[in-house]
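Below is one structure, written out as structure tokens; the observations come after it.
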Amino acid sequence: MHPCPYCGSDEVSVEETEIGGYVAACPCCGMAGPEAPYATIAVRRWNVLCSKMCRNCKYHLLMVVKDLRRQLHELESGNDDVELGRVDDA
Ligand SMILES: [Zn+2]
């Protein structure tokens, strides 16, 4: 789970809301992510929110590296779906 983009706390946890939904919330600064009907979705929405907010944080960079590795792997295995400046012989 992504650390809090405001205060950097790792103690973000999922809490149940008064109307039976779930939110990921930071106990340190009080920031909360979007509400969701299930805890797993609340976590996913929190991660999406955070990755948009802190583009330079370690977590985001790890995701970028992971994505680049995946693309590299696809290139090496000859997958034509990857568009990374592929050169066609016309
Ligand atoms: Zn926080």
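The values are calculated or read from the model by the stated rules, or taken from the named source; none is laboratory data. Given the structure is predicted, the values throughout are model-derived calculations rather than measurements. Here Cβ is always computed from backbone atoms with ideal geometry, including for glycine, and neighbour counts include all displayed protein chains.
Cβ-Cβ distances below 8 Å connect the following pairs, each with a first residue in segment 1-24 that is in contact (Cβ under 8 Å) with a residue 40 or more places away in the chain and in a loop (DSSP other than H, G, I, E, B), a second residue that is hydroxyl-bearing (Ser, Thr, Tyr) and away from the ligand (no atom under 12 Å from the Cβ), and a separation of six or more residues or different chains: His2/Ser51; His2/Tyr59; Pro3/Tyr59. Which residues, counting only those in segment 51-73, are among the charged types (D, E, K, R) and modelled with pLDDT under 90? Lys52, Arg55, Lys58, Lys66, Asp67 - these are the residues of segment 51-73 that are among the charged types (D, E, K, R) and modelled with pLDDT under 90.
Of all residues in segment 1-47, those that are in contact with a strand residue (DSSP E or B) (Cβ under 6 Å, 6 or more places away or on another chain) and within 10 Å of the ligand (Cβ to nearest atom) total 3.
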